[in-house]
Amino acid sequence: MTLTFEDFPPGHFGTFGPRRVTREEILAFAAEFDPQPMHLDEEAGSKSMLKGLSASGWHLCSIMMRMMFDFYIGRTASLGSPGVNELRWLAPLRPGDDLTLDIEVMEARVSRSRPTTGIVTFKALVRNAAGQLLCEMVSPIIVERRAGAAAEQVG
Amino acid sequence: MRFFEDIEVGQRRELGPFTFTADSIKRFAAQFDPQRFHLDEEEGRKSLFAGLAASGWHVGSVCMKLMVADGQRLAREAAARGEKVAVWGPSPGFRELRWIKPVLAGDTIRFSSEVESVRTSDSRPEWGIVQARNTGTNQRGELVFSFLATAFVPRRSAGA
């Protein structure tokens with residue numbers, strides 16, 4: 001079943017994972033998109049504020065996106081996202097971490113400009129196996145309403 | 001890279017262009033964001049994006065790539081002048097990220113970064129905190145991407 005706007009009432013949506021992140025993928029992403037020494041080299045990482053080799057924050061965002069896709073966006077009538085209200089990197093992502101994703105629906109409202117769709121604002125929380133919060137994001141996506149929902153409301 | 005003391009509100013850096021090919025869009029999407037409009041031209045045309053569109057996380061990651069390259073350029077220039085090179089710290093996050101218009105296959109995006117605020121850190125006296133508005137503009141001059149980034153920047157007087 002495809003998920004529509006109606007499937008996202010405010011509240012806790014669910015938990016997904018774990019997803020293992022390997023050293024190899026951390027190095028590969030950093031080499032292509034964020035070749036700062038703290039993301040490429042143990043020695044440079046240990047001298048950095050993050051005190052050890054850590055993944056690029058954009059890598060963590062991209063992995064979070066994939067986890068959201070595998071969890072629910074892949075079966076949601078999503079039309080895309082206008083952006084991210086706020087994203088906080090709270091602790092470093094390390095090689096071998098097993099990530100879990102928690103999703104909360106903060107707000108769900110019908111679009112005024114496009115009444116066959118709604119805007120669902122999610123809070124996504126990524127934690128490592130120790131339960132440490134690594135990343136927190138608040139972001140809206142545009143989701144289609146169930147067929148006929150707009151007409152019902154007008155009627 | 002520059003030290004905190006060298007950075008002023010309003011300073012702007014042109015980070016350079018990047019062309020998003022269909023192949024690079026699909027390769028990133030297959031790994032991180034396999035929504036149909038990021039993977040297939042026809043699905044992209046049928047979507048709100050009206051074409052094969054790059055994942056927003058791909059656009060953000062490319063902006064990071066160009067920011068790092070710009071920092072490395074500044075570091076090389078400082079080293080060539082015999083100056084001490086600043087090593088920037090990590091970022092605690094960002095706000096107000098907007099994917100304003102789709103980035104479609106073949107688009108060339110020019111990224112830039114403009115400093116919006118600077119302040120010292122109370123908890124970490126060897127660091128300053130810089131906020132910069134990073135943006136991307138396509139080949140038609142349309143603003144397509146924007147976010148307000150925060151980073152820890154080392155102070156020249158570190159440890160003083």
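Computed from the coordinates by the stated procedures, all read-outs in this text should not be read as laboratory data. These numbers were taken from a predicted model, which means no experiment stands behind them. All Cβ positions, even for glycine, are placed from backbone atoms using ideal geometry, and neighbour counts span all protein chains on display.
Side notes on the structure shown:
- Failed criterion for B:R36 (all others in (1) within 13 Å of chain A (Cβ to nearest Cβ); (2) charged (D, E, K, R); (3) surrounded by 15 or more Cβ atoms within 10 Å (Cβ to Cβ) hold): (3)
- Taken together, the residues in the stretch B:58-103 that are more than 30 Å from A:E136 (Cα to Cα) and assigned to a helix (DSSP H, G or I) amount to 8.
- Just one of (1) under 24 Å from B:M67 (Cβ atoms); (2) at the interface with chain B (Cβ under 7 Å from one of its Cβ atoms); (3) not aromatic (F, W, Y) fails for A:L93. It is (2).
- Neighbours by Cβ (under 9 Å, 6+ apart or cross-chain): first from the stretch A:6-19, within 20 Å of A:V143 (Cβ to Cβ); second small (G, A, S) and assigned to a helix (DSSP H, G or I): A:E6/A:A149
- Every condition in (1) in contact (Cβ under 8 Å) with a residue 12 or more places away in the chain; (2) under 23 Å from B:S55 (Cα atoms) is met by A:G74 except one, and the failing one is (1).
- Criterion (under 22 Å from A:M64 (Cα atoms) and in contact with a helix residue (DSSP H, G or I) (Cβ under 8 Å, 6 or more places away or on another chain)) met by exactly one of A:A149, A:A124: A:A124
- For the stretch A:36-65, residues that are touching a helix residue (DSSP H, G or I) at 6+ places or on another chain (Cβ under 6 Å), more than 9 Å from every other protein chain (Cβ to nearest Cβ) and assigned to a loop (DSSP other than H, G, I, E, B) total 3.
- Scanning the stretch B:73-84 for residues that are surrounded by fewer than 17 Cβ atoms within 10 Å (Cβ to Cβ) and on the phi < 0 side of the Ramachandran plot turns up B:R73, B:L74, B:R76, B:E77, B:A79, B:A80, B:R81, B:E83, B:K84.
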